[in-house]
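This report concerns only the one structure given below.
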Amino acid sequence: MPNASTSGNTLQDQVRRAGSLGVWLVVAAAFQWALLGPVARVAFAEGVTPLTVAFWRASIAALLFATHAAMTSTPALRRSDRLPSMMLGIVAVAGLYVAYFESVQRGGAALAAILLYSAPVWVAIGAHFVLREHVSRREAGALLLTFAGVVLVALFPATGSADIQATPAAIMWGLGSGVAYALYFLLGRSLFTHNAPARVMAWALATGAVVLAPFVQWTLLTWRAWAAIAFLASVATYGAYLSNANGIRLIGPSRASTIATLEPVLAVGAAYLVWGERLSAIGMGGAAAVIAGVLLAARRQ
C-alpha cells in the first residue's frame, strides 16, 4: 500500500504534467492564431476578397463547432441567449473577420497582428464606461503603454514588401479589428459563462456567415485559395479555440492570457518568414510596448 509521501509525489507529478500540457496548448493556440494573417495573404494573392475569405472561414468553422457540440452532446444554447449570440456574430465575427483581413490585405500581416492587440485598451475603456468597472493605476499605465506601442507601429510599420504600405485605411481597419475583438470579450462574457462555448461559437459564426453572404465573390476559387481558407477555418479558428479552451481549463485564464501574448510576436515572425515583412527598429519597439502593456493588464485579470 503506497504511503502518504508517495501519493503526494504522484499527485504533484500529475499536477506538474497537467500544467505543462496546459502551457503547450495555449502556446499552440497562439501559434495557430498567429498564422491567420500570413495564410490569409495566400488567398488574397489568388484574387479572393477579404469579405469572401471571412465568409468561408465563418461558414466552415460554424459547421465544425456545430458538429463538435452535437458529438459531445453539449446542452443546447439557452433560449434567452440566442439573440445575444447572434449579436456576437454580427459584431465580433463578421465585423472582426472583415476588419482584420482588410488590415492584412492593405497593411500586411505583421501590422494587422499588432493593431489587433489594441483590444485590451478598448476592453478597459468599455468595462469602465459600460460595466462601471474601476481602472487602477496599473491598468491605466498598461493602456497608455499599449496605445503608445500601437502609435509607434502605425507610424513606423512593416517594410520589405513593395505592395504593402501602412496607409490610413490599413491602420483604421487594424484598429477596428481591435475594437471588434474587444467587443467579443465584453459581449461574450456572460454567454460563455452560462453556455457551452461550442454552442455559442456555432450560433455566432453561422450568424456572421449570413451577414457576410451578400458580399461574397461567388466565383470559382483556385485550389490554393481553398487550401488557405480550409486552414483558416479548421486550424486557425476551430483548432486554435479548442487548444486555448483546454489550456485555460488546465492552467487558468490569468496565466493563459499572459502566455497568449506570444501571438503578435509569432505573427510578426511568420509574416517575415512567409512574406518578407519586417518591422522597423522603432516599430519593433512599439510592438514590444504593446506586448508589455498586455502583460501588465493580464497580471490584474
> Scanning the range 69-78 for residues that are among the polar types (S, T, N, Q) and open to solvent by 60 Å² or more (accessible area, probe 1.4 Å), which turns out nearest to Tyr238 (Cα to Cα)?
Replying inline: Thr72
>> List pairs: first residue in the range 91-116 and touching a residue at least 60 places away in the same chain (Cβ under 8 Å), second residue in a helix (DSSP H, G or I) and of a type in the set (S, T, N, Q) anywhere in the structure, Cβ distance under 6 angstrom, at least six positions apart or on different chains.
In response: Leu96/Ser177; Ala99/Ser177; Tyr100/Ser177; Ser103/Ser177; Ala112/Ser103; Leu116/Ser177
> So, in the range 79-97, of the ones that are within 13 Å of the chain's Cα centre (by Cα) and of a type in the set (A, V, I, L, M, F, W, C), which residue ends up surrounded by the fewest Cβ atoms within 10 Å (Cβ to Cβ)?
Replying inline: Ala92
>> I want to confirm something. Restricting to the range 242-261 and keeping residues that are under 15 Å from the mean Cα position of the chain (by Cα), among the hydrophobic types (A, V, I, L, M, F, W, C) and at pLDDT 80 or above, which single residue is surrounded by the fewest Cβ atoms within 10 Å (Cβ to Cβ)?
In response: Ala245
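Restricting to the range 16-61, and then to whatever is of a type in the set (Phe, Trp, Tyr) and open to solvent by 50 Å² or more (accessible area, probe 1.4 Å), can you tell me which residue is farthest from Gln105 (Cα to Cα)?
Initially, the range 16-61 is screened for residues of a type in the set (Phe, Trp, Tyr), giving 24, 31, 33, 44, 55-56.
After this cut, where a residue has to be open to solvent by 50 Å² or more (accessible area, probe 1.4 Å) as well, the list is 24, 31, 33, 56.
Details: Trp24: 30, Phe31: 20, Trp33: 17, Trp56: 17 Å.
Once the filter is applied, the top-ranked residue is Trp24.
Yes or no: Phe192 surrounded by fewer than 20 Cβ atoms within 10 Å (Cβ to Cβ) and either assigned to a helix (DSSP H, G or I) or polar (S, T, N, Q) (or both)?
Values: surrounded by fewer than 20 Cβ atoms within 10 Å (Cβ to Cβ): yes; either assigned to a helix (DSSP H, G or I) or polar (S, T, N, Q) (or both): yes.
Yes: the conditions hold for Phe192.
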>> When you scan the range 165-185, do you find a residue that is over 18 Å from Ala267 (Cα atoms), modelled with pLDDT under 80 and in a helix (DSSP H, G or I), even just one?
In response: yes
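May I ask you to list the residues in the range 1-41 that are of a type in the set (Val, Ile, Thr) and either in contact with a Cys (Cβ under 8 Å, 6 or more places away or on another chain) or modelled with pLDDT of 95 or more (or both)? Can you show your working first?
So the first thing to find is which residues in the range 1-41 are of a type in the set (Val, Ile, Thr), and the list is 6, 10, 15, 23, 26-27, 39.
The one that is of a type in the set (Val, Ile, Thr) and either in contact with a Cys (Cβ under 8 Å, 6 or more places away or on another chain) or modelled with pLDDT of 95 or more (or both): Val39.
Being more than 14 Å from the chain's Cα centre (by Cα), surrounded by 19 or more Cβ atoms within 10 Å (Cβ to Cβ) and closer than 22 Å to Gly188 by Cα is true for just one of Phe65, Phe101. Which residue is that?
Phe65
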> So which helices (runs of 4 or more DSSP H) are wholly in the range 55-122 and hold at least 2 residues that are closer than 30 Å to Gly141 by Cβ?
Replying inline: 96-107, 109-116
> So, in the range 204-227, of the ones that are modelled with pLDDT of 95 or more and of a type in the set (Ser, Thr, Tyr), which residue ends up nearest to Leu187 (Cα to Cα)?
Replying inline: Thr207
> Among Ala292, Ala230, which is modelled with pLDDT of 85 or more, surrounded by fewer than 20 Cβ atoms within 10 Å (Cβ to Cβ) and outside any loop (DSSP other than H, G, I, E, B)?
Replying inline: Ala230
> Quick one: Glu277 ticks every box in (1) within 25 Å of Pro50 (Cα to Cα); (2) open to solvent by 50 Å² or more (accessible area, probe 1.4 Å); (3) among the charged types (D, E, K, R) bar one, so which box is it?
Replying inline: (2)
> Which of (1) out of contact with any helix residue (DSSP H, G or I) (no Cβ under 7 Å at 6 or more places or on another chain); (2) touching a residue at least 40 places away in the same chain (Cβ under 8 Å); (3) part of a helix (DSSP H, G or I) does Leu221 not meet, given it meets every other one?
Replying inline: (3)
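The values are calculated or read from the model by the stated rules, or taken from the named source; none is laboratory data. Because the structure is a prediction, the values reported are computed rather than measured. Ideal geometry is used to build each Cβ from the backbone, glycine not excepted, and the neighbour counts take in all protein chains shown. With ligands, DNA and RNA removed, areas are computed over all heavy atoms of the protein, side chains included. Shrake-Rupley method; radii C 1.70, N 1.55, O 1.52, S 1.80 Å.
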